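Written below as structure tokens is the structure these notes are about.
The values are calculated or read from the model by the stated rules, or taken from the named source; none is laboratory data. Everything numeric in this text was worked out from a predicted model, so none of it was measured. With ideal geometry, Cβ positions are generated from the backbone for all residues, glycine too; neighbour counts draw on all protein chains shown. Surface accessibility is based on the protein's heavy atoms, side chains included, excluding ligands, DNA and RNA. Shrake-Rupley method; radii C 1.70, N 1.55, O 1.52, S 1.80 Å.
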Amino acid sequence: MSLDRSTLFIGGEWVAPATDETFTVISPHTEEPIATVPAGSTADIDRAVAAAREAFDHGPWPRMTPQERIDVVARFSDLYAAKLGEAADLITAEMGSPAQFSQLAQSPAAWMALDAMINVARAYEWEATRPGSLGNPVVVRREPVGVVAAIPPWNVPHFTVMSKLAPALLAGCTIVVKPAPETPLSGAVLADLLTEAGVPAGVVSIIPGGREVGAHLVAHPGVDKVAFTGSTAAGRQIAAVCGQQLKRVSLELGGKSAAIVLDDADLDRTIEGLKFASLLNSGQACIAQTRILVSRARHDDFVEAFADAMGKMVVGDPADLATEIGPMVSQRQQQRVESYIGIGQSEGAKMVLGGEGRPTGLDRGWYVKPTLFAGVDNSMRIAQEEIFGPVLAVVPYDDPAEAVRIANDSPYGLGGSVWTSDPEQGLEVARQIRAGTVGVNQYMMDFAAPFGGFKDSGIGREFGPEGLDEYVEAKSMFPDVSGG
Ligand code: NAD
């Protein structure tokens with residue numbers, strides 16, 4: 001079946017693009033083209049924003065009751081549930097996510113997030129009367145923020161669209177989604193489902209495009225709010241534009257999360273947990289636990305056991321369900337990750353596994369060798385900068401207080417974890433970590449809870465009622481209760 005496309009989903013219809021520019025999607029495994037699709041242009045964005053503006057200012061969607069919108073979004077959720085396998089396969093084909101991760105998380109997590117947001121919307125206080133300070137009642141109402149620009153990255157393309165699309169739709173916003181150029185295929189899957197679910201024309205457009213097209217969308221005067229997931233560098237530029245225009249903005253950015261392994265942690269259980277938490281999606285995950293903090297007393301034993309476990313992980317064809325680490329998304333990303341392997345060596349970290357060059361037997365595809373550095377000083381670039389690949393740093397500490405200090409000595413604050421046989425102690429250490437989400441003996445997201453970053457990891461939250469708050473304006477109304 002050909003994956004080629006010739007049209008874009010603008011304002012609820014599949015239409016011819018404004019230019020004949022295209023993206024060629026290259027398989028990260030074979031380096032062969034798998035599809036050609038239209039590249040959205042600024043003219044396409046203008047059309048989409050005009051449709052979203054019209055649908056917001058005059059259409060039914062923002063004027064429906066929350067329950068009416070919930071019903072439509074719940075239909076969308078049911079339709080998406082039937083496509084989870086297809087969506088996971090497409091994401092594996094276009095960006096190389098190992099099938100075992102795609103089938104566990106790429107589409108299922110997107111669906112769970114959608115369902116969780118529907119539940120949040122059901123319980124949300126859309127309009128409520130409260131006692132005012134002057135003795136009269138006050139009506140507080142949550143209204144949709146307006147036209148939303150949603151800009152996701154390529155690493156979890158459905159999940160990062162859904163985390164914006166779901167709250168925006170439920171709040172009554174209209175949305176222009178701009179998928180990353182690396183993942184233009186998976187976004188299109190959602191379009192037909194939205195129409196089938198009954199989302200009115202104009203409410204959603206999906207236009208894959210590059211940076212300039214994204215920047216045009218961000219700065220567009222017809223957009224009221226920008227919801228962005230991606231690099232901290234791009235997040236700063238977007239925040240600057242939104243600041244200038246006083247546009248609402250939420251940013252989910254990079255991470256360099258620390259896993260603190262306390263001395264009482266069970267080694268086997270910790271290593272099993274960290275293999276997933278540190279290397280999920282081939283390490284191309286913002287929440288990956290990429291700095292592993294281990295006491296000096298246990299450092300060498302831990303490193304030996306972790307290197308052994310990491311060295312046994314299956315690297316190869318992402319479509320094979322046995323594969324645990326697949327290729328990087330692109331040649332550029334492969335080169336970037338390899339450059340950090342070189343940087344780690346030149347900084348004097350001890351490389352105990354991996355190194356530059358291709359894994360054995362993989363002569364094609366954008367693969368890197370899973371690489372483990374030990375004895376890392378937290379000031380090294382491999383401990384401070386986000387690598388976004390299967391390259392981990394083990395950092396020794398002297399005592400738990402120093403472990404917390406090292407964990408917090410980072411420009412980022414997205415995630416973290418504590419590994420211990422004492423769950424109470426784990427929670428106590430978790431309280432001291434300056435990050436938006438912290439797990440004890442695990443790293444999991446829970447879509448009923450707010451997710452987001454401290455410091456350079458972002459502004460705002462996704463999921464939970466806090467995630468819906470980002471898509472509404474609070475309006476207070478003062479009714480006349482004088483009786484006359
Ligand atoms: P990126 O910042 O290069 O691009 C992300 C998206 O923004 C793409 O769609 C891109 O086309 C667009 N874009 C880039 N510059 C833009 C600009 N100036 N204006 C408007 N749009 C712009 O990031 P990436 O390489 O695609 O993704 C990897 C990054 O995403 C990592 O830093 C990772 O940590 C982060 N990420 C964060 C989360 C989170 O929830 N915090 C989740 C996934 C990924």
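Taking label points 7 Å from Cα along the Cα-to-Cβ direction, Arg122 and Ser231 give a separation of 4.2 nm. Computed extension length for Ala81-Arg336: 88.2 nm, one decimal, from 0.36 nm per residue of separation with the Cα-Cα distance subtracted.
Across Met95, Met112, the residue with the most accessible area heads the list, and the full order at a 1.4 Å probe is Met112, Met95. Remark: relative contact order (the chain) = 18 percent; criterion is Cα-Cα distance under 8 angstrom and separation of 6 or more residues. Within the full protein context, the accessible area of Cys173 is estimated at about 0 Å² for a probe radius of 1.4 Å.
Quick one: ranking Thr232, Thr42 by accessible area, 1.4 Å probe, largest first, what do you get? Numbers along the way, then the final one.
Numbers: Thr232 15, Thr42 60 Å².
The ordering from most to least exposed comes out as Thr42, Thr232.
Take Leu353: with every protein chain present and a 1.4 Å probe, its accessible area is about 40 Å². Rounded to the nearest 20, the Cβ-based charge dipole of the stretch 258-446 about its Cα centre (Lys and Arg +1, Asp and Glu -1) stands at 720 debye. In a simple Cβ point-charge model (Lys, Arg +1; Asp, Glu -1; nothing else charged), the chain has a dipole of about 1020 debye relative to its Cα centre.
Within the straight-line cut-off of under 18 Å between alpha carbons, the lysines reachable from Lys369 are Lys275, Lys312, Lys350, sequence neighbours fewer than 8 places apart in one chain being disregarded. Karplus-derived 3J(HN,Hα) values for the stretch 7-18, using 6.51 cos²θ - 1.76 cosθ + 1.60 with θ = phi - 60°, are 10, 10, 8, 10, x, x, 10, 8, 10, 5, x, 6 Hz; glycine and proline are entered as x. Only DSSP H runs of four or more residues enter the estimate; each adds -39500 (n - 2.57), and after division by the residues of the chain the mean residue ellipticity at 222 nm equals -12000 deg cm²/dmol. DSSP beta bridges confined to the chain are antiparallel in about 45 percent of cases. Cross-link partners among lysines for Lys164, C-alpha distance below 26 Å, same-chain residues fewer than 8 apart left out? Straight-distance partners of Lys164: Lys83, Lys178, Lys225, Lys247, Lys256, Lys455, Lys475.
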